1. If you line up the long axis of helix 12-42 against the longest principal axis of the chain, both from Cα atoms, how many degrees apart are they, to the nearest 10?
2. Along Cα→Cβ, 7 Å out, is where each label goes; now give me the distance between the ones at residue 71 and residue 47 in nm to one decimal.
3. According to the square roots a ≥ b ≥ c of the eigenvalues of the Cα gyration tensor, what is the shape class of the chain, taking rounded for a/c under 1.5, prolate for a/b larger than b/c otherwise, and oblate for the remainder?
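Values in this text are rule-based calculations from the coordinates and carry no lab data. Predicted model only: the values in this text are computed from it and were never measured. In this analysis, Cβ positions are derived from the backbone assuming ideal geometry, glycine residues included, and neighbour counts consider all displayed protein chains.
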Amino acid sequence: MMKLAAVACVDESEVIKMLKLQRFFLAALLVGLMLVPSLAHAQGAPTPLGIIPAPNPGGLSVSVWTDKQTYAVGENALIYFTVNQ
């Protein structure tokens, strides 16, 4: 059986360049990750587009009642209601 061995000749300056580039990308990634929350916070709360319903000045009146005064456990209850608005 024949064994093959490969030896890569890498210049030391190339290794230094690669390490510097790797550090640069890591630093850029960290800065970007730190900026994302501050940019999201800077947008603030959403503002309405001018469609804001105005409530009626009158008072709200609600009536609620059932068809029976007492119900057995598990029995369906009918609940009625009316509102003036």
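1. 10
2. For residue 71 paired with residue 47, the spin-label model returns 4.8 nm.
3. Cα axes put the chain in the oblate bin.
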